[in-house]
1. If amide hydrogens are placed 1.01 Å from N in the peptide plane, which non-local residues have theirs closer than 5 Å to the one on Ala175?
2. Below 11 angstrom from the Cβ of Gly50, what's the summed charge of the other residues (Lys, Arg +1; Asp, Glu -1)?
3. If we sort 37-43, 55-61 on the protection proxy, mean other Cβ atoms within 10 Å, highest first, what's the order?
4. How big, in percent, is the set of alpha carbon pairs in the range 58-102 lying more than 18 Å apart?
5. Assuming R0 = 25 Å, what is the FRET efficiency of Ala254 and Val144, from their Cβ-Cβ distance, to the nearest 0.05?
Amino acid sequence: MRGRWRIGDQLTRRGGQPLPVEVSFDDYVEDIAENQVLLSAATRLLRLPGVAADALGALRRIVRVLDGVSVIPVGAPVPEVRQDRRNARYSSALALASLVLSGSSVEQRAGAVVASGFLVDMWSVFEDFVSAALREAFKPYGGVLVSQYQSTLDVEGTVKIAPDLVWLVDGEVRACIDVKYKVEKHGQYPNADLYQMAAYCRRFGLREGWLVYADSSELSESVQIVGGPNVTRTCVALNVHGVELLAQSERFAARVACPVCPEVPLR
């Protein structure tokens, strides 16, 4: 007999019959809720663009170690894992994995998640995330998207410029994109951004420049510059509160890469 004999259940359920025997036992298998949560979170993180090489290696090791464990389908309920002595040693990893699967993050308001204090430069986070997302989104159109493209504005080469993103195709600048984490004032964005983009367009011989802002309204507007070359500045606002930020980035890349096509809405 394997396990512990449940005599009470044997008498009440089996009416004194010797077989089958009512027993309880622990079956030590890998496909448990804890491993499912860890594997599913690691799998989803591997799909994100721009993950650091050392983090990719650690995530792939988790996938290899948990081979044979079931992956939780997207949209399916996440098993509730209760902390006890058996999983206490990796409770922090389970808490982080649960946040990943729920699409949540550590918030500053009081709640059930315990985290150390930290300070984040949101402008840097937004610009890095959008740059990584757009770099992936531009891949189907060829060329390469270069961050902080170094160039000069004057003939002597003393005035340095470095647009946030430049799309290069066969060594030629096809598009210039500047990412801004700013709040609009009085219904418009800072004029200094327009001056900066106009200089970029003049330098690279572009007829259109792109300013990408963080916003919740998914605004898209264009401004025609008076005099000189026929240059247009186009402002695009990506909804940082929406779950479709990556999809918006893909639609924006299609809009920039194919200017002769019908306008691609960001929504």
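1. Trp167
2. Values: positive: Arg135; negative: Asp128, Glu136.
Spelling it out: positives minus negatives among the neighbours equals -1.
3. Values: 37-43: 22.4, 55-61: 12.4.
My ranking of the peptides, most packed first, is 37-43, 55-61.
4. Value for the range 58-102 (Cα pairs over 18 Å): 38 percent.
5. Working: r = 17 Å, r/R0 = 0.68.
Taking R0 as 25 Å, the efficiency between Ala254 and Val144 is 0.90.
Laboratory data are not the source of any read-out in this text; all were calculated from the coordinates shown. Remember, it's a predicted structure, so these values are computed and weren't measured experimentally. Every residue, glycine among them, receives a Cβ derived from its backbone with ideal geometry; neighbour counts consider all protein chains shown.
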